[in-house]
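Only one structure is covered here, and it is reproduced in the block below.
The values are calculated or read from the model by the stated rules, or taken from the named source; none is laboratory data. These numbers were taken from a predicted model, which means no experiment stands behind them. Don't worry about glycine lacking a Cβ; one is built from the backbone with ideal geometry, like all the others, and counts go over all protein chains shown.
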Amino acid sequence: MRKATEIVLASAMLLVAVGPRATSEKTLKQSLVSGGVARTYYLLVPEKAIPGPAPLLILLHGSGRNGLSLVERWDSLAKKEGILLAGPDALDRSAWQIPADAPDFIHDVVEAVREKYPVDARRIYLFGHSAGAGEGLCLALLESEYFAAVAVHAGALTGNDYAYADLARRKTPIAMWSGTNDALVPLRSARETRAFLDKRGFTVALTEMPGHTHNYYDSADDINRKAWEFLRAHALADDPKYQPYRLVR
C-alpha cells in the first residue's frame, strides 16, 4: 500500500514538474488565433514568477522588428524581478495598426498567458518602443481599466489617436522617455502628447534624455530599469475590465 502511495505521489510531482507552470527560463515562440488570424508572440516565464501571482509585461516592438527584439532586452531584469514577459508580433511588422493589432489581439495574448501561468491580474503592464510606443499610448486610453500602467520610449500620439482619450474610463498612469536628438519622433511630439494628456487629467511623467536619439537598444538596460520602477509602483484597484470596441482607423 505504501509503495502504491509513493508511486502516486511521484507521478503527481512529475505532472507538476512538466505542467504548464514549469519553466526553463528560455524565451519560447507561441502561437494563437486572434480574430480568425494565426498570430505569434514570444513568452518568457522566469523561475521567480512561479508560483506567483506575478506581474505580466506586454512588450510592443518597433517598426521592422518583432516581439523577440524587446523580450531579449528585458530578459535579465525579468529574471531578477520575476516578471512574465510577452512580446507579440504586429501583423505587419513595419507598423502597429488599429484594429488589426489592438486592442483585441493584445487582449488575446494576455488571456492566453493567464490561462497557463499565475498572472497577477491587477499588475498587467505595457512597454513600447517607437511604433510600439504609439500603440502603447493608444492602449493606455482604450483599455484604461485593463492595464495598470504604461511606459514608452520614443513614441507619441498622432492624428486620430487623440480621440481615444474620450473613451478612457480611468486615468492610466503613463511614463514616457524621449531623446532630445530623436529625429524620428521629435521631442516636440512627446511634449505635445504629455500636454494634451495632462489637460485630460492623466498623470504623465516625461523624461527628456539629453543627446539621446531614437536608439533604444544601446540604452535599453537603463531605460528598462527606470520603466520598471515606474510600472511596479502601480496596480489596478479592482480586477481588470476589458472593453471591446468596433474601431476603424
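Tabulated data for the structure shown
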read-out	value
Residue within the stretch 117-130 that is within 22 Å of Q30 (Cα to Cα) and either free of Cβ contacts under 8 Å to residues at least 12 places away in the same chain or in a helix (DSSP H, G or I) (or both) present	no
Yes/no for G159 being buried (at least 23 other Cβ atoms within 10 Å of the Cβ) and small (G, A, S)	no
Residue among A86, A78 that is in a strand (DSSP E or B), under 16 Å from the mean Cα position of the chain (by Cα), within 19 Å of A220 (Cβ to Cβ) and at pLDDT 95 or above	A86
Residue in the stretch 173-217 that is nearest to D75 (Cα to Cα), counting only those that are among the aromatic types (F, W, Y) and surrounded by fewer than 18 Cβ atoms within 10 Å (Cβ to Cβ)	Y217
Which listed residue, of A220, A154, is surrounded by 13 or more Cβ atoms within 10 Å (Cβ to Cβ), in contact with a Ser or Thr (Cβ under 6 Å, 6 or more places away or on another chain) and among the small types (G, A, S)	A154
Sole exception among (1) of a type outside the set (S, T, N, Q); (2) under 20 Å from the mean Cα position of the chain (by Cα); (3) more than 18 Å from A131 (Cβ to Cβ) for G155, by number	(3)
Selection from the stretch 28-51 of residues that are assigned to a strand (DSSP E or B), touching a residue at least 60 places away in the same chain (Cβ under 8 Å) and out of contact with any Ser or Thr (no Cβ under 9 Å at 6 or more places or on another chain)	S34
Answer from R93, R114, R122, R194 - the residue that is over 30 Å from E47 (Cβ atoms) and either of a type in the set (D, E) or at pLDDT 95 or above (or both)	R194
Subset of the stretch 62-84 [within 18 Å of A95 (Cβ to Cβ) and either among the small types (G, A, S) or in contact (Cβ under 8 Å) with a residue 60 or more places away in the chain (or both)]	G62, S63, G64, G67, S69, L70
Hits in the stretch 225-249 - residues which are over 22 Å from N66 (Cα atoms) and either of a type in the set (F, W, Y) or touching a Phe, Trp or Tyr at 6+ places or on another chain (Cβ under 6 Å) (or both)	F230, L231, P240, Y242, Y245
Cβ-Cβ under 8 Å pairs, at least 6 apart or on other chains, the stretch 224-237 side modelled with pLDDT of 95 or more, far side assigned to a helix (DSSP H, G or I)	N224/R73; N224/W74; N224/L77; R225/L77; W228/L77; W228/E81; R232/E81
Residue under evaluation I98, criteria (1) under 28 Å from E192 (Cβ atoms); (2) in contact with a helix residue (DSSP H, G or I) (Cβ under 7 Å, 6 or more places away or on another chain); (3) not in a loop (DSSP other than H, G, I, E, B), criterion not met	(3)
